[in-house]
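Read the structure below first, then the notes.
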Amino acid sequence: MAGSCNVAIITGGGYGIGRAAALQAAAQGWTIVVVDVDPTKAAETQNKIAQSGGRAAAVAGDVTDARTAERAVTSAKELGIIKGLVNCAAMRHPGPITQITEAQWDETISVILKGVFLFCRAAIPEMIGNGGGSIVNVSSADASGRKNMVAYASAKGAVNTLTLCLAADHLQDRIRVNTVIPGFTLTGMTEHYSQARLNEMSSKFVAGRPGEPDDVANIIRFLLSDESETVTGGFFGGQTLAMR
């Protein structure tokens, strides 16, 4: 019965950390709404979940468009009860402030920060009506500042602050809001690193290797689960000293 299913909306679910989070959550019994700007990637994640015996829907759209958030919520309500939201969609334009164009700044802030705002604004009223839920915002170790990442780091830093505001505002609604702060993780954003560079860096990582999307998804899965029912306004993850 659809109405009894707990549903999680996951933005950026078409690849990388978002896809890993979607697959792990589905394996734990969540019904997933996969949101991605690339319809092919969103459908691929949906199919992978279905092949593993899970339930999912795909919503293709730009997270900076409020209509995408509304369509995701509508799709989730058709499947069950909205109890989870993972904001994972991101992009970046590297460079110092003297080289970042206004358009690049606006795009970065819009995807990373406005996207979280729009999806939280759309999902939270449903969670309130459903007696609570869990929101996980994926940030970055760069949020505390990193050379040549002025736009990306600023946007992620704002996401951290937004998390704290949402956690305070919705404490009595039993909505948990937490941030995951991945260190260096092998995703589409890190494809430009050579294998030689990765090998050189690996000795500086605590695990002796770079992070994988599943490493981050493990934390997201915990924060979505009832095991984290007492945790809100938290930051989970760590700095990657090799990148400083």
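Please treat every number below as a calculation from the coordinates, not as lab data. Every value quoted in this text rests on a predicted model; they were computed, and no experiment measured them. Positions of Cβ are generated from backbone atoms using ideal geometry, with glycine treated the same way; all protein chains shown enter the neighbour counts.
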Self-check item: Efficiency of FRET between Glu212 and Gln51 - r from beta-carbon atoms, R0 25 angstrom, step 0.05
Solution: 0.75
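Compute the relative contact order of the chain as a whole-number percentage, counting only Cα pairs closer than 8 Å that sit 6 or more residues apart in sequence. Kindly include the intermediate steps, with their values, before the conclusion.
Numbers: 499 pairs, mean separation 47.6, N = 244.
Computed over the chain, the figure is 19 percent.
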Quiz item: Lysine pairs in the chain with alpha-carbon atoms under 28 Å apart, 8 or more places apart or on different chains: how many are there?
Solution: 14
Self-check item: Neighbour count of at most 13 Cβ within 10 Å plus DSSP loop: longest GluC sites (Glu not before Pro)-free window in the chain
Solution: 1-190
Practice problem: Place the peptides 162-170, 91-99, 128-136 in order of packing, highest mean first, counting for every residue the other Cβ atoms within 10 Å and averaging per peptide. | Solution: 128-136, 162-170, 91-99
Practice problem: Taking the Cβ of Ile100 as the centre, find all other residues whose Cβ is under 11 Å away and add up their charges (Lys, Arg: +1; Asp, Glu: -1). | Solution: -2
